[in-house]
Amino acid sequence: MTFALTLNVGSALLWGLFATGVLTLLMATGQGLGWSRMSFPFMIGSMVTSHRGRAMALGFTLHLGLGIAFAILYALVFESWKWATWWLGGLLGVFHGLFVLIVFMPMLPDLHPRMASKHHGPTPTRQLEPPGFMALNYGGRTPALTLIAHVAYGILLGTFY
């Protein structure tokens, strides 16, 4: 038995970039409106530098790269199932968003060199607040905003891939 996928890499890259831009725009808008204090670009960038300004720029670039990498994973799922629809992309976005909130956010303090843990408070080098379960430490609307942004990401990929 052989398993072969014909992946449209150009489409995955193009729509992955666009979908990541929309996800980032939604999250930044929510942060700007005070619905959440979470910034994916800042959290990612501050993992690699302590300089706050550079952290945003580096984090934005890394976040775009990660979004494109996830778009390729979505495209592989679409290809393995031999179809892509807006609702299938949206369902993948729900799974993706829940994984980020329930699995990744609670373990982030163990991976992030500048983030305090829930068991030990801030130190001179670990000053960022840990996100907590479903990133609720960054605001009560953060889980809903994160899910909406990831569902939009998935819908865009499912529709246009």
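Numbers below:
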| quantity | calculated |
| --- | --- |
| Counted residues, the stretch 107-128 - those being surrounded by fewer than 16 Cβ atoms within 10 Å (Cβ to Cβ) and closer than 24 Å to ALA55 by Cβ | 13 |
| Helices (runs of 4 or more DSSP H) (entirely within the stretch 1-95) containing at least 2 residues that are touching a residue at least 12 places away in the same chain (Cβ under 8 Å) and farther than 22 Å from LEU145 by Cα | 9-32, 52-81 |
| Qualifying residue in the stretch 70-89 (condition: among the acidic types (Asp, Glu), closer than 26 Å to TYR161 by Cα and out of contact with any Gly (no Cβ under 7 Å at 6 or more places or on another chain)) | yes |
| Within the stretch 96-143, considering residues that are charged (D, E, K, R) and outside any helix (DSSP H, G or I), the one modelled with the lowest pLDDT | ARG126 |
| Selection within the stretch 74-85 - surrounded by 14 or more Cβ atoms within 10 Å (Cβ to Cβ) and of a type in the set (A, V, I, L, M, F, W, C) | ALA75, VAL77, PHE78, ALA84 |
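The values are calculated or read from the model by the stated rules, or taken from the named source; none is laboratory data. These numbers were taken from a predicted model, which means no experiment stands behind them. So basically every Cβ, Gly included, is an ideal-geometry build from the backbone, and we count neighbours across all protein chains shown.
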